[in-house]
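Coordinate-derived values only; no laboratory data. Predicted model only: the values in this text are computed from it and were never measured. Positions of Cβ are generated from backbone atoms using ideal geometry, with glycine treated the same way; all protein chains shown enter the neighbour counts.
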Amino acid sequence: MPEVKKPRRGSLAFYPRKRARRIYPRISHPKVDQLRILEFAGYKAGMGHVVLIDTNKSSPTYGQEITVPVTILDCPPIRVLAIRFYRQGKTGLETLTEIWSENLPKDLERKVKVVVSKDSNKWEEIEKKVDEIKDVRLIVCTQPRISGIGKKTPEIFEIGIGGKDVKEKIEFAKKVLGRDLNISDVFQEGELVDVITVTKGKGTAGPVARFGVKIQPRKAKEKRRHVGSLGQERPGKVRWTVPMAGQLGFQTRTELNKRILKIGTDGEEITPKGGFIRYGVIRGPYALIEGSVPGPKKRLVVLRVAARPKKTFPVQIKEVVV
């Protein structure tokens, strides 16, 4: 009989399977020629579904009303705190200098201590070192006080700026320094985005739950939920590819090409009576993302310009049901 072959259980692409360093993700910035902001962030509030017209001509339901599940994100404005300039180092990009805004939120006093420079000569130094600057990025923070999450401490992270010319990036960053950015300033309805977040943490788990290995028969060394073999006899070591117990969940994951179905300004129009369960009431801007999004409720979700975009279709929503 021919040998039965199948792919291994548990992808090795997700190694190392350990806890994320922080509860909101780190971001890799794609290269985009257009001068624009590349990322935004919102809090996961819950799920619902929308009734829309299928505009995909290759779909068997083209022109008909279909029901699509959506994830609802609470997207309060983010504040631009500083501009960070990078230069080329020996091992990659390294920070050259930073220019911080003078009007920082009071909630940041315990989060970060920054000496705000009011010296205008710093911009003159930047102009002299334009040839040395390789990239320009923004340091931003969320504003959870005006969301429905019910917390005070903001998250601070870095977002990228698209474009080829460094001088254009610097002028663009000057205009938004110290301002609030809305999701409508970054993305549009129908646009494809990459969703980056930290998944739901489930603590320590065995190889069956962690990798989906087969449960052994009852005579297998008096154990059932374990792997059949830990490896070869020589050399006498256990390889890192062997499914073993360890951390399950609370890991940074990226899902590509999620479509933004709707961007709204008044969250009360989609908030159910009594608010979202285990979240609260959305008071301001919001976004509906097609399909599911990793992570539990209240988790910060970063939306990024699609790194490998596919063909998209216009959105014609008939009804939103929460």
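Annotation: the residues GLU125, GLU155, sorted from fewest to most other C-beta atoms within 10 Å of their own C-beta, follow the order GLU125, GLU155. To the nearest ten degrees, helix 166-176 and the longest principal axis of the Cα atoms of the chain are 80 degrees apart.
Note that the range 77-181, at 37 °C in a medium of 0.692 mPa s, gets a Stokes-Einstein diffusion coefficient of 223 µm²/s from its Kirkwood radius over C-alpha pairs. Taking packing as the residue-averaged number of other Cβ atoms within 10 angstrom, the listed peptides 138-144, 262-268 run from highest to lowest as 138-144, 262-268.
For the chain, go through all pairs of different Cα atoms, get the mean of 1/r, take its inverse, and jot down that Kirkwood value in Å. Could the numbers behind the result be given before it?
Details: mean 1/r = 0.0440 Å⁻¹.
Averaging 1/r across every pair of different Cα atoms and inverting gives 22.7 Å.
Using alpha carbon coordinates only, what is the Rg to Rh ratio of the range 138-198, with Rh defined as the Kirkwood radius? Ratio of gyration radius to Kirkwood radius: 0.99. The residue among VAL50, GLY150, ILE99 whose Cα reaches farthest toward the positive pole of the charge dipole of the range 43-156, with charges on the beta-carbon of Lys, Arg, Asp and Glu, is GLY150.
Scattering from the C-alpha atoms of the range 1-62 alone, worked out with Debye: what is log10 I(q)/I(0) at q = 0.15, 0.18, 0.19 1/Å? Each listed q corresponds, in turn, to -1.08, -1.06, -1.04. Working note: Debye formula, equal point scatterers on the alpha-carbon atoms of the range 34-119, no solvent; log10 I(q)/I(0) at q = 0.22, 0.26 Å⁻¹ is -1.21, -1.22.
Between GLU158 and TRP240, the simple label model (points 7 Å from Cα in the Cβ direction) yields a spacing of 2.5 nm. In a reduced charge model with +1 at each Lys and Arg Cβ and -1 at each Asp and Glu Cβ, the range 1-95 shows a dipole moment near 880 debye about its Cα centre. Straight-line reach from LYS175: taking Cα to Cα under 21 Å and skipping same-chain neighbours fewer than 8 places apart, the lysines in range are LYS118, LYS122, LYS128, LYS129, LYS134, LYS164, LYS167.
Within the range 58-104, report the GluC sites (Glu not before Pro) that DSSP leaves as loop and that have at most 16 other Cβ atoms within 10 Å.
Numbers: sites: GLU65, GLU94, GLU98, GLU102; in loops: GLU102.
When the GluC sites (Glu not before Pro) of the range 58-104 are filtered for loop state and at most 16 Cβ neighbours within 10 Å, GLU102 remain.
Modelled spin labels at THR265 and GLU319, positioned 7 Å past Cα toward Cβ, are 2.7 nm from each other.
Each of TRP123, TRP100 has some number of other Cβ atoms within 10 Å of its Cβ, and from fewest to most they run TRP123, TRP100.
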